[in-house]
1. Out of 41, 22, I need the residue that is farther than 19 Å from residue 65 by Cα and under 13 Å from the mean Cα position of the chain (by Cα). Which one?
2. For region 19-29, which residues satisfy the criterion of being modelled with pLDDT of 95 or more and assigned to a loop (DSSP other than H, G, I, E, B)?
3. Out of the residues in region 30-49 that are assigned to a loop (DSSP other than H, G, I, E, B) and at pLDDT below 95, state the one that is surrounded by the fewest Cβ atoms within 10 Å (Cβ to Cβ).
4. Can you pull out the residues in region 13-30 that are touching a residue at least 60 places away in the same chain (Cβ under 8 Å) and either over 15 Å from residue 61 (Cβ atoms) or in contact with a helix residue (DSSP H, G or I) (Cβ under 7 Å, 6 or more places away or on another chain) (or both)?
5. Please determine whether any residue of region 71-90 is at pLDDT 85 or above and part of a loop (DSSP other than H, G, I, E, B).
């Protein structure tokens, strides 16, 4: 399963969905992480920090969403739950958009 981390687009939001320190734990669980370039900058994390922990940096939001299964996050969570996997969806300011 791929975990995508797009840059936050909600006005004034400085947080990032994942910090680099959690990437090794996700990798141990078999997850791959892709991060939009610059996604962590407002929270104090550089792309190099994510790269050092094993993430792949993608150039833009659209590429982050393309890296997954091209489904709406809720649909993906439904299928993951049916397979008895876990799915965590997070977003500030409302529903996530694919582009």
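The values are calculated or read from the model by the stated rules, or taken from the named source; none is laboratory data. In this text the structure is predicted, and so the values were computed from the model without any measurement. Positions of Cβ are backbone-derived with ideal geometry, glycine not excepted, and every protein chain shown enters the neighbour counts.
1. Details: 41 fails: under 13 Å from the mean Cα position of the chain (by Cα).
Just one listed residue meets the conditions, 22.
2. Once the filter is applied, which keeps residues that are modelled with pLDDT of 95 or more and assigned to a loop (DSSP other than H, G, I, E, B), region 19-29 yields only 19.
3. Filtering first and then ranking leaves 30.
4. 15
5. To start, the set of residues in region 71-90 that are at pLDDT 85 or above comprises none.
Checked region 71-90: no residue is at pLDDT 85 or above and part of a loop (DSSP other than H, G, I, E, B).
Residue-wise test of (1) modelled with pLDDT of 95 or more; (2) loosely packed, with under 13 Cβ neighbours inside 10 Å; (3) in contact with a helix residue (DSSP H, G or I) (Cβ under 8 Å, 6 or more places away or on another chain); (4) part of a loop (DSSP other than H, G, I, E, B).
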{"residue": "3", "(1), (2), (3), (4)": "no, no, yes, no"}
{"residue": "11", "(1), (2), (3), (4)": "no, yes, no, yes"}
{"residue": "51", "(1), (2), (3), (4)": "yes, no, no, no"}
{"residue": "54", "(1), (2), (3), (4)": "yes, no, yes, yes"}
